[in-house]
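Below: one structure, written as structure tokens.
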Amino acid sequence: MKKLFLLGLIFSLILSCDNKPQQYFSESQEIEAIKTRIKAYENQDWTTYKSQFLDSAQVFHNQNTGIPYLESLKRQQDIIANFASYGFVEDKTILEMVIDKDNNKWVNYWSVWSGKLKANGKEITFPVHLTTQFLDGKILKEYGYYDTAKLTAAFIELEAEQLEQNTSLAVE
């Protein structure tokens, strides 16, 4: 009877073991690649930044249609050209890698972007979420979500100030 009970217990333990592969990671080569790319962005090291992407990589930042990553980079450079300093707040950054049911590797990045405008010193901050798909260690797709309202408002305010200054000069 004891043997039957032990055999039943062992059988139950074997059946209750779930051998699913790990899907969530807090450390991986892909996470390190995102950290490298973020540092390159902050340091304007565009060679290192570009080395993280596949040539065919598509970027979907706040839009449903992807654009080539080089076009996205140009847009980002045009925006940060207006800032004396910018970057992500390290102590507000979270990274994780997920392997989905199709075995695709995705890195999720949450942080807060902060920048100080050259023109008036105004500081702008907003939360950012990036989710990036990797293929063979390089970025294939990136989806980015952040509210650009503060940026837009700051640029409109700067434009209004410049217009007011130009109008004042014309009147004098």
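The values are calculated or read from the model by the stated rules, or taken from the named source; none is laboratory data. Just so it is clear, the model here is predicted, and its values are computed rather than measured. Glycine also receives a Cβ, built like all others from the backbone with ideal geometry; neighbour counts cover every protein chain displayed. The protein model used for the area step is the full one, side chains on, heavy atoms only, and it has no ligands, DNA or RNA in it. Shrake-Rupley method; radii C 1.70, N 1.55, O 1.52, S 1.80 Å.
Tabulated values for the structure
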| item | result |
| --- | --- |
| Out of K105, K116, K92, K101, sole residue that is of a type in the set (K, R), open to solvent by 40 Å² or more (accessible area, probe 1.4 Å) and closer than 16 Å to Q52 by Cβ | K105 |
| Residue under evaluation Q52, criteria (1) surrounded by 12 or more Cβ atoms within 10 Å (Cβ to Cβ); (2) closer than 29 Å to E159 by Cα, criterion not met | (2) |
| Every residue from the range 132-142 that is open to solvent by 20 Å² or more (accessible area, probe 1.4 Å) and out of contact with any Gly (no Cβ under 8 Å at 6 or more places or on another chain) | L135, D136, G137, K138, L140 |
| So A40, is it open to solvent by 40 Å² or more (accessible area, probe 1.4 Å) and either in contact with a helix residue (DSSP H, G or I) (Cβ under 9 Å, 6 or more places away or on another chain) or over 19 Å from G144 (Cα atoms) (or both) | no |
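Let's see how each residue does on (1) at pLDDT 80 or above; (2) over 25 Å from D102 (Cβ atoms):
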position: S12; (1), (2): no, yes
position: D18; (1), (2): no, no
position: Q23; (1), (2): yes, no
position: E30; (1), (2): yes, no
position: T48; (1), (2): yes, yes
position: Q52; (1), (2): yes, no
